[in-house]
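Enquirer: Supplied in structure tokens, the structure appears directly below.
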Amino acid sequence: MKKFLILVVMLAPMSLLAQKFGYVNSAEIIQVMPEYAKALKDIQALEKMYTDDFNSMRTELEKKGTEFEKMQQDSVPENILKRRYEELMQMQERMQQYGQEVQANLQKAEGEKMMEIQKVLKGALDAVGNEGTYVLIFDISSGIPFINTTLCDDVTAKVRAKLGIPANAVPAAAK
């Protein structure tokens, strides 16, 4: 029994050395994924829609403000001026609320798009890990303090290949 324990203790470090570790740069991969380019376009289209809506609200507010100024010069009764002023203040408040809603909606949309992208990336990473029998694959873009890259395999190219992204793909933001 003693000999068996000594053998196990001696072989344990060798089995640890046989483990395969890899690393990947997910930030590099995400920037060249077609899903990322599509997400950027979708978010930009959403931003444009919100900007157009906000601009039309601002144009309407400016028009009503000009009409209010003209009414002041034309000696319109005080009660009508007061009502128009309150309408202007309500419109301005609605615009502020709309701006806050827009920010929240854009953040939510960006988060949902990134979750979809992360899910696709995770699937490819899992496939590469299983095919390559890696015990652990580190993501160097997530701020891990130290990885000795000479003792690990860089599987970034394999994950890109799994996603069908060519090695010379240009990041979506650079297009």
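The values are calculated or read from the model by the stated rules, or taken from the named source; none is laboratory data. The structure displayed is predicted, hence computed values, not measured ones. Note that we place each Cβ from the backbone using ideal geometry, even for glycine, and neighbour counts take in every protein chain shown. Please note that ligands, DNA and RNA were not included when accessible areas were found on the heavy atoms of the full protein model with its side chains. Shrake-Rupley method; radii C 1.70, N 1.55, O 1.52, S 1.80 Å.
Enquirer: Per 0.36 nm of contour for each residue apart, how much would the distance between Glu131 and Lys82 grow if the chain were fully extended, relative to their Cα-Cα spacing?
Expert: Extra length from Glu131 to Lys82 when fully extended: 10.3 nm.
Enquirer: Distance in nm between label sites at Ala45 and Gln72, each 7 Å beyond Cα in the beta-carbon direction?
Expert: In this crude label model, Ala45 to Gln72 measures out at 4.4 nm.
Enquirer: So for each of 71-82, 36-47 I average, over its residues, the number of other beta carbons within 10 Å; can you give me the resulting order with the highest mean first?
Expert: The densest-packed peptide leads the list: 36-47, 71-82.
Enquirer: Say each of Ser56 and Ala109 gets a label point 7 Å from the Cα, pointing the same way as Cα to Cβ; how far apart are those two points in nm?
Expert: 1.5
Enquirer: Okay, next question. So, R0 is 35 Å and r is the distance between the beta-carbons of Ala27 and Lys64; what FRET efficiency does that work out to, to 0.05?
Expert: Computed FRET efficiency for Ala27 and Lys64 comes out at 0.15.
Enquirer: Could you compute the net charge surrounding Tyr98? Neighbours are other residues with a C-beta less than 13 Å from the C-beta of Tyr98; K and R count +1, D and E count -1.
Expert: Result for the neighbourhood of Tyr98: -3.
Enquirer: Please compare each pair in Lys63/Lys113; Lys108/Lys158; Lys38/Lys63; Lys41/Lys162 to a cut-off of 26 Å on the Cα-Cα distance and tell me which ones are over it.
Expert: Lys63/Lys113; Lys108/Lys158; Lys38/Lys63
Enquirer: May I ask you to derive the FRET efficiency for Ala161 and Lys119 from their Cβ-Cβ distance with R0 = 25 Å, giving the value to the nearest 0.05?
Expert: With a Förster radius of 25 Å, E is 0.85.
Enquirer: A follow-up question, please. If packing is taken as the mean number of other Cβ atoms within 10 Å per residue, what is the order of 62-70, 130-138, highest first?
Expert: So the peptides 62-70, 130-138, ranked by packing, come out 130-138, 62-70.
Enquirer: Right, another one. Heavy atoms only, probe 1.4 Å: what % of the accessible area of segment 47-175 goes to carbon and sulfur, would you let me know?
Expert: 53
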